[in-house]
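Written below as structure tokens is the structure these notes are about.
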Amino acid sequence: MFNYPGQATYNKVLPKNKIYERARPGRAVRDCFVSQIDQIVWKYVLATRTINLPARKPVEEIAIIEISLKTKDVNEEVLRTIDKAVPVPIFYILRYKDKIRSIAAYKRPSEADQGKWVVSAYFGTPWQSVNIERPELPVALDMSKLYEQMLRNHISMPPRPGESLKDQVERMMQIRSKEIECRKLESRMNKEKQYNRKVDINSQLRTLRGELENLSA
């Protein structure tokens, strides 16, 4: 969550139907737009023309989009649909009643098709008061470095020494995947009646937990 500069203000409402036209989501996702989202506003544009930072591929512009929510939770596919419709990296400001949070995915051009973007899992800040004091944007030499620092601010674990943003994001996604595996194994072990199978599942759990510890170090 940052204090975005006034000169970057854009304040353009994004109609849901325009997003549907560009991203063509299925009925289930469109239903989520209707039930979960009140309004979508493109609040700020961070670019050379607004914040006087030189563009450097792959990031030439960053969109700050505010979503006023009807419900506290928003389906991640809703955010992916907006990311598909808006072909620049996005930081979302989610607003629900008197609370606010920031969320973003690592968004980069596809190596297979430079005209398309690859979107990672989403990372976000906790819910906070709308009146919370926000830090200024990180100091950076160009738009790509600004994007990197902004996104790292949303990732709960710090990078390893010399770790690239892409590698850090991939490591976090591995951690999330293995945490899900651990929960499933724990549930299986709690339900298992046979001792030998419990021992086998427990062995798998120890291996997974070791891998998690290495990834988190």
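A few points about this structure:
- Computed about the Cα centre, the dipole magnitude for the chain is approximately 600 debye when only Lys and Arg (+1) and Asp and Glu (-1) carry charge, each at its Cβ.
- Identified option (computed percent of Cα pairs over 29 Å apart; candidates [x] 26; [y] 36; [z] 58): [y]
- Only Lys, Arg (+1) and Asp, Glu (-1) charged, at Cβ; region 1-118 dipole about Cα centre in debye: 140
- Residues residue 17 and residue 216, FRET efficiency given R0 of 30 Å [Cβ-Cβ distance, rounded to 0.05]: 0.10
- Between region 132-193 and region 1-66, the alpha-carbon centres lie 22 Å apart.
- Gain on full stretching of the segment that runs from residue 163 to residue 48 - 0.36 nm per residue minus C-alpha separation: 38.7 nm
- Computed helical MRE - 222 nm, the chain, DSSP H runs ≥ 4 contributing -39500 (n - 2.57), nearest 500: -13500 deg cm²/dmol
- Only Cα pairs under 8 Å and 6+ residues apart enter the sum, and on that basis the relative contact order of region 170-216 stands at 54 percent.
- Whether region 57-166 is rounded, prolate or oblate, judged on the alpha carbon gyration tensor where a/c under 1.5 counts as rounded: oblate
- Within a Gaussian network of the chain (alpha carbon springs, distance under 10 Å), most fluctuating of 193, 99, 107: 193
- Listed by chain and number, the lysines whose alpha-carbon sits under 25 Å from that of residue 166, ignoring those within fewer than 8 places in the same chain, are 57, 84, 107, 116, 145, 178.
- Spin-label pair residue 73/residue 182, simplified geometry with 7 Å Cα→Cβ offset, distance in nm: 2.2
- Rounded, prolate or oblate (a/c below 1.5 giving rounded, otherwise prolate when a/b exceeds b/c) for region 85-150 by Cα gyration tensor: oblate
- Net length available on complete extension from residue 122 to residue 149 is 8.2 nm, with 0.36 nm assigned per residue and the Cα-Cα distance removed.
Each value in this text was obtained by applying a stated rule to the coordinates, not by laboratory testing. Only a predicted model underlies this, so the values are computations on that prediction, with no experimental measurement involved. All Cβ positions, even for glycine, are placed from backbone atoms using ideal geometry, and neighbour counts span all protein chains on display.
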